[in-house]
Amino acid sequence: MTSFFFSSLLSVLLIPSFTANFSGKWVIEGQAKAPAQAGNVLILNQAGNEVTGSLSARTDVSNASPVNTEILDGVVDGDTLKFYVWTGVDRPVKAFFKGTLAGDEIKFTVTVGTAAPVSAIARRAK
C-alpha cells in the first residue's frame with residue numbers, strides 16, 4: 001500500500017507544468033506606438049519553453065518594403081511570454097515585450113529604453 005502511494009505521488013510530481021502554446025501568426029491591435037504599433041505582425045515559433053520568430057511592420061515608409069525584426073531570448077513560463085527586439089536605426093535600443101496569453105489574445109507590456117511602458121494587444125490571425 002505504501003509503495004502504491006509513493007508511486008502515485010511520484011507520477012503526479014513528474015507531470016510537466018502547464019505551458020501555453022504561443023506559436024502562430026499574431027496581429028497587434030490598438031493604439032500602441034512602435035515597435036508594438038497597431039497592424040504589426042508577430043510570427044512566433046515555440047519549441048518547449050523557447051520562442052523564436054519575428055516582428056514585422058507592415059512596410060518601411062522610406063521604400064515600402066516589409067521590415068522584419070528578429071525576436072531574441074524568447075522564453076515561455078506558463079502563460080507568460082518574454083522576449084526582446086532591437087528597434088531604431090541611428091541608435092538602436094532594446095524593446096522588451098512581456099505578454100500573457102488569454103485564449104486567442106496576448107496582452108503585452110512593452111518597454112523601450114527609458115520611456116514609460118505601453119500596453120499592446122496581439123490577436124491570433126485566423
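The values are calculated or read from the model by the stated rules, or taken from the named source; none is laboratory data. Because the structure is a prediction, the values reported are computed rather than measured. Glycine gets a Cβ as well: all are built from the backbone with ideal geometry, and neighbour counts include every protein chain shown.
Remarks
- Breaking point among (1) surrounded by fewer than 16 Cβ atoms within 10 Å (Cβ to Cβ); (2) hydrophobic (A, V, I, L, M, F, W, C); (3) more than 15 Å from Asn45 (Cα to Cα), for Phe97: (1)
- The condition of being loosely packed, with under 14 Cβ neighbours inside 10 Å, modelled with pLDDT of 85 or more and more than 14 Å from the chain's Cα centre (by Cα) holds for only one of Ala64, Ala116, Ala47, that being Ala116.
- Residues in the stretch 70-113 that are more than 11 Å from the chain's Cα centre (by Cα), among the hydrophobic types (A, V, I, L, M, F, W, C) and assigned to a loop (DSSP other than H, G, I, E, B): Val89 alone.
- Complete set of residues in the stretch 77-94 that are over 20 Å from Asn45 (Cα atoms) and either modelled with pLDDT of 95 or more or of a type in the set (Asp, Glu) (or both): Asp90
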